[in-house]
Every structure is written in structure tokens, then in C-alpha cells.
Amino acid sequence: MWDYTDTVMDHFRHPRNVGIIDNPDGKATVGSLACGDALTFMFKLDAEGKIAEAKFQTFGCASAVASSSALTEMVIGKTLEEAEKITNREIAAYLGGLPDQKMHCSVMGKEALEAAIHNYRTGEESVVQVHEEIVCSCFGVSREEIERVTRENNLHSVEEVTNFCKAGGGCGMCRDRIQEIVDEVNHTAAAAAAPAPAPKKMTVLQKIKLIEQTLEEQVRPVLRKDGGDVELIDVDGDVVRISFRGMCAGCRSAALTRDNLIATALHEFVDPAITVVME
Amino acid sequence: MPEVIYLDNNATTRPAPEVVEAMLPYFNEAWGNPSSMHAFGGHVARPVAEARETVANFLGAERPEEILFEGCATEADNHAILGVAAAWNQPGTIITSRVEHPAVLGPCLRLRELGHNVIEIGVNNEGLFDLEAYEAALAATPGPKLVSVMWANNETGVIFPIRKIAELGKAAGATIHTDAVQAAGKLAINVKDVPVDLLTIAGHKMHAPKGIGVLYVRRGTRIKPLILGGHQERGRRGGTENVPYIIGLAKACKLATAALSDGSETRIARLRDKLEAGLLATCPDSRVNGCRTCRVPNTLNISFEYIEGESVLYHLSDRGICASSGSACAAGSLEPSHVIRAMGVPFTAVHGSIRFSLSRYTTEHEIDITLRHVPEVVAEMRALSPFVKH
């Protein structure tokens, strides 16, 4: 569970000022269903120009509900000039703090407040400042961001891009555009490595290689711990000739080692028909 | 605090009292090291060997030495995937699914960074595995191949046709791994019938404690160790054997075998179906995620549209009900569950998915209480939502 303060949990369990106002002076919705966070915020002014009433509806996690609730308490009784000075950090502080990953909830509160005041002053629905091409409007992901994740993570499909930056994961309208961007990025990347040859039935050479590989991987690490080693002398059909080196040579337990270790490994990884002969 | 109703058994399960009892002597009395050259330690080697045989029988393994005891299922998944690729000595292909547990997706991502080809097979809107795409991927990829596909999904409970997947993969020369963490104890597992080379299970998902996992390694499978520095597990996994947990896991396997044959799973399925039918009837705009006829018996994943999962979980928690969510906020990330998204669940429902997962300890009384509380919470959250017309 998140480490929410008691104040956050109180506002979540008993949110203040939930609902709507008939004929509000200012109103705005920020966030979206696809993002997982959304807040509708509205207010009504009194004769002196102070916020007399503020209401909200929130779709989101506990801290989103708490941030929205806190926002309404903070703005009531303030003039718009006073209210617009409220920062997202002050919303978080009002709640006794928010986990780092949840600070975006306080940002959503601040954005809703700004947008609602803007709505009151201009009658415009929302404030969107476009500095760059926004490809995915559900999640607000720009072309630059899609290019960056594609390049840095070697992505090739829209699905992968969605996994990395959410773009394309909402309504899906932008998926063709994302594919174009991915293709452009990959066009400059080097071609994929040449494919390995298809497997065939084991030749004598392959069998020898497999025996050598098995000795290297399964047998030598054990023998080397005791200062010993093993050498492959010959492979004649199913007969594998082995010679011990180092501490193993002449050791009376060598035969036992051979039976238990080498034969078991070769039977398991190469061919159960193998007979091991010690030189 | 109200009485706790635990419906989050896909996250972890209650250690069975019999399991705890079986473990205690290995803390208090027989706490020796099974590798020791003295009788005090040596006495522990035999129970460990017996436990290995019990687990081998539980999975249908031919030999006890095909069972590797590891620290957890995440380690076992990592070992299977990284260990097989390490034995290749050349770039290969890993075929997995888009809905795997992060314990599988994580090492696959690492292998992609190392230059291997990783192919993620998708699922349809019922969460069912795309066999056609899988066959195409097998046919299109030369060189060494590893298939790692889960047996049952942790979020939706959807069962994959693992036997078919394994047979097709073997025919194409691939090594086959399956994460069977959510299948073990809920479905009969028998590696004699299902030709996988590697299989992962977790103790704590089947009423053993956390801290013990198993990697089944079929004889002859080429795999390198992940944990180096010890002769234990035939040099395939270093580290002194976690004796009490190994004993506990074996006991849990025995209990699971009994439960699989005494009708417990049918009873769990009946309670799950009662919960599902009740919630669909009392909560408008709700939908079940995942194929309803192809699930493990204990799992229900249900989306309540226009509300967000974390809020629902906190309100349920206040009422003593433990569930979980694929919602982004509850998962501690910004993105909702990759499983729910891979299934193409409508965006109105993605953030409101709740998973209820039962166990053989779940009672009908608990389901009845849950059926009273959930509709209240859903209605309360919808009263707050800007997307519901009031």
C-alpha cells in the first residue's frame, strides 16, 4: 500500500465538496478516462469576487480524490488572484505530503484550478499550449518522446511503443502515425544480424564438438577444483577415449570420477549409447 | 479492524498450518547443514532428499534430481531463461507472450539487450494465446530457440494450451519453459504428459511460505547455473539448502495433491462463480476480463467501468476485504496492467479492473459478505466520477 498520510486518507474517505454547481462561474475538466486520472472542477463567486462555492468530481486513485478535495477547501473564501497563486506543492503540503509517484495528482488539481479560472475570464474551454507535435492525444505523448523511446529501446512495433510510453494505448487513433515514426527511426538503424543456419542431423564433427562442449561445461569445472583436467583423445562411433591430466592422472578414484561424472554428462547431453574409455 | 476476508490468493497464500508444523523442527532441532560430514548435519540430508522426491512426484518428474530448489519463482524463471540462453554460445530466439509475469518479461528484455531475438506472442480479447502467430514465429526463426509461456495467467486466471504449445515448440527444436506458478495446486500438473523442459513453481502461491521456488529441469536440458559458488543442486544452483522451506514446500505439495482429488477445486470454482454472477447482477457496467470457460477455478478479474481500481481497493480494505487491481496507480506505475491492455479491454474499463482470487480456505460466508460490500463501494466511487451521468 502507499504510504499516505492520515490527512490524505481522511480526504479520500470523506471527500469535501463533491458534486456539481448549477451555472458555475468557472469550470474545467483535466485529464482523461484513458489516462486513469481526471478531475472536473467548478466554482461560483460571491458579490465581492471571492470563491463562495467549489465542487469537484474525480476519477482516479485515493490521492487524486484527496488532492481534489483539498483543492476545494483551499480555494473557498479566496479571490481568484489569491487562488491562482496556489501551487501544486501547496496542495500536497495541505495533505501532509504525497508520495513522489503521486505528485501528479496535485499537479492535476493545480491545472484544473488554472483552467477553470481561465474559463471564467475568457469563456474558453481549456488551455492547451502546443510547442510540438502531439501524436497521442489520449496520453499527451509528443513525436520527440516516441522517437526517443524507439531509438533508446530498439522498438519496432506500435505495441512496443505503447508499452514504453503509453502512446497509442488509449483510443488507438494515432497507431498508424506511431508506426510511421517507428519506421523512420529504424530506417537509419543497421540491418538485423544474419540468421544462423538451420539445425541438421548431427555429423561426426558436430558430435565431437558437442562432446568437447559437454566436457568443458559439465566436467572440467568439477575436476579443476581439485587441480585436475581431462582431454578428449578420440571419438570412434560411440566409444569416447579420454585422458586425465594434472592431479587426476593416476589417481585411484579417477575411474570412479570417469564413470560418475563424464559418462553421466555425455549420456545426458550427447548420446546415451556412449562408452567412455580411459587412456 | 473488521474481520479480514482474504481474496488475494494469486498474490500470496496463507501458509497451511500443517506446513508450518512440518517446518518447525527444522528451525528448533534439526538445523544442521545437509552437506556436513557429521551425523548432526547429515540427518537433515535424508528429509531434503525425500522432499525432493515428493516435489518430483507432484510434478510427474521422472527423477528427483530434475527438481532444483531455488530462492523464489522469480529466480527460477530467471534461471530458466538466462541459463538456457547462456548455454547457446550464439544469438538465439526467445518466444514468449505479451501477458507473462515480469519475472519472465524481465530476463527476456535482458536477452534482447544482449542481442537475442525476443518475440512476444499476443492474446485475443479473451486473453487466449495466439497459436497461429506462435507457429509462424517458430517457423520463421532459425538457430537455437527458447519458448517461455505461462501455464495460467496471474491476473485473469486464463489457462494457456501449454501441452500444444510445448509439442509445437519441441517439433521445431525449441527448449520449452513454462511459468506454472498460478497453475500449481489449482490444476493437475504432469510433465510426463506435457513435454516442457523447464517448469517453475512458487511455494507461497500454494500454501507454503515465501522464499522457496522450484525449477524443474528435464534430464538432458542444456542450462547454465545462475547462482554460482556451490556444489548444491548438482552444481546448478549454489547456496546452502533452505531446509525448513524445502520441507514446507513438500508438505504443501502433498496437501495440494489431496485437495486436487477431494473436490476442493470444484468448491472453489462454485464460490468464484457465485461471486462473479452476484457482482455482474448488482454492479451495472461491469465486465469479466478473460475467457470464462478457460480459467483456473479460483480467479475472477472484473472491471467496473468509469471508476479507478486503487480507490476501490482502499475502500474494500476499509471493509476488511483484500483484493488486487491491474490499475496503474495500485501497481505503482503510471500504466495500467500490461495483461489487461494486451487483451484490448476498452479504455473505460482498463483502470477499474479488480482481481478476486480465492483459496481452499475461502468460505461461502466470506463470499456473501463480499457480495454485500462491493456494490456499495462501486456505487460510492461512481458518485464521485465525472464520467457517470448522475
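None of the figures in this text is laboratory data; all of them are computed from the coordinates on show. This is a predicted model, so every value here is computed, not measured. Backbone-built Cβ (ideal geometry, glycine too); neighbour counts: all protein chains shown.
Fewest Cβ neighbours within 10 Å first, please rank A:His104, B:His79, B:His177, B:His365 accordingly.
With the sparsest Cβ surroundings first, the list reads B:His365, A:His104, B:His79, B:His177.
Under a point spin-label approximation (7 Å from Cα along Cα-to-Cβ), what is the B:Thr348-A:His14 distance to one decimal in nm?
3.4
For chain B, list the DSSP H helices whose alpha carbon atoms reach 15 Å or more along the long axis and whose average Kyte-Doolittle value is 0.5 or above?
Once both thresholds are applied, what remains is B:243-261.
Full-extension gain between B:Asn125 and B:Ala11, please, as 0.36 nm times their residue separation minus the C-alpha to C-alpha distance.
Between B:Asn125 and B:Ala11, full extension yields an extra 38.7 nm.
Just to be sure I understand the curve: with the Debye formula and one point per C-alpha of segment B:263-384, what is log10 I(q)/I(0) at q = 0.11, 0.18 Å⁻¹?
Cα-only, vacuum Debye calculation for segment B:263-384: -0.33, -0.92.
7 Å from Cα along Cα→Cβ at both B:Glu21 and B:Thr293: what's the point-to-point distance in nm?
About 4.3 nm separates the two model spin labels.
Taking θ as phi - 60°, what are the ³J(HN,Hα) couplings along segment B:192-209 by the Karplus curve (6.51, -1.76, 1.60), each to the nearest whole Hz, with x for Gly and Pro?
Residue by residue, segment B:192-209 yields 6, 8, 10, x, 7, 8, 9, 8, 10, 10, 10, x, 6, 8, 9, 6, 9, x Hz.
Using helices alone, what [θ] at 222 nm do you get for chain A, with -39,500 (n - 2.57) per DSSP H run of 4 or more residues, divided over all residues and rounded to the nearest 500?
That calculation yields -11500 deg cm²/dmol at 222 nm.
Rounded to the nearest 500, what is chain B's calculated 222 nm mean residue ellipticity when only DSSP H runs of at least 4 contribute -39500 (n - 2.57) each, over all residues? Mind showing how you got there, number by number?
On the way: 14 runs with 160 residues, N = 390.
Computed mean residue ellipticity for chain B: -12500 deg cm²/dmol.
How many nm separate the modelled label positions at A:Glu81 and B:Asn28, each set 7 Å beyond the Cα in the direction of the Cβ?
7.6
Have a look at the DSSP beta bridges in the protein assembly as shown and tell me what percent are antiparallel, nearest 5.
65
How much of the DSSP beta bridge set in segment B:17-259 is antiparallel, as a percent to the nearest 5?
On the way: 11 of 27 bridges.
Bridges in segment B:17-259 that DSSP calls antiparallel: roughly 40 percent.
When the gyration tensor of segment B:235-306 is built from Cα positions, what are the square roots of 5 times its three eigenvalues, in whole Å, from largest to smallest?
Numbers: eigenvalues 270, 60, 19 Å².
Values for segment B:235-306, descending: 37, 17, 10 Å.
What residues of segment B:148-191 lie in the reach of a label at B:Arg112, counting those whose backbone N is under 12 Å from a point 7 Å from the Cα along Cα→Cβ?
none
Under 5 Å between amide hydrogens, which residues at least 5 positions from B:Val147 or on another chain qualify, with H placed 1.01 Å from N in the peptide plane?
Correct list: B:Ile95, B:Thr175, B:Ile176, B:His177.
Given the Cα-Cα distance of A:His156 and A:Met173 and 0.36 nm per residue of separation, how much length would full extension add, in nm?
4.3 nm
Sorting A:Glu114, A:Glu184 on the 10 Å Cβ count, fewest up front, what's the list?
By the 10 Å Cβ count, ascending, the order reads A:Glu184, A:Glu114.
Given R₀ = 51 Å, FRET efficiency for B:Glu3-A:Glu212 by Cβ-Cβ distance, to 0.05? Could you put the intermediate results ahead of the total?
On the way: r = 64 Å, r/R0 = 1.26.
After rounding to 0.05, the efficiency reads 0.20.
Trypsin sites (Lys or Arg not before Pro) within segment A:25-126: which are DSSP loop residues with at most 12 other Cβ atoms inside 10 Å?
Sparse-neighbourhood loop trypsin sites (Lys or Arg not before Pro): A:Lys85.
How far, in degrees from 0 to 90, does helix A:204-214 lean away from the longest principal axis of the Cα atoms of chain A, to the nearest 10?
Relative to chain A, helix A:204-214 is tipped by roughly 70 degrees.
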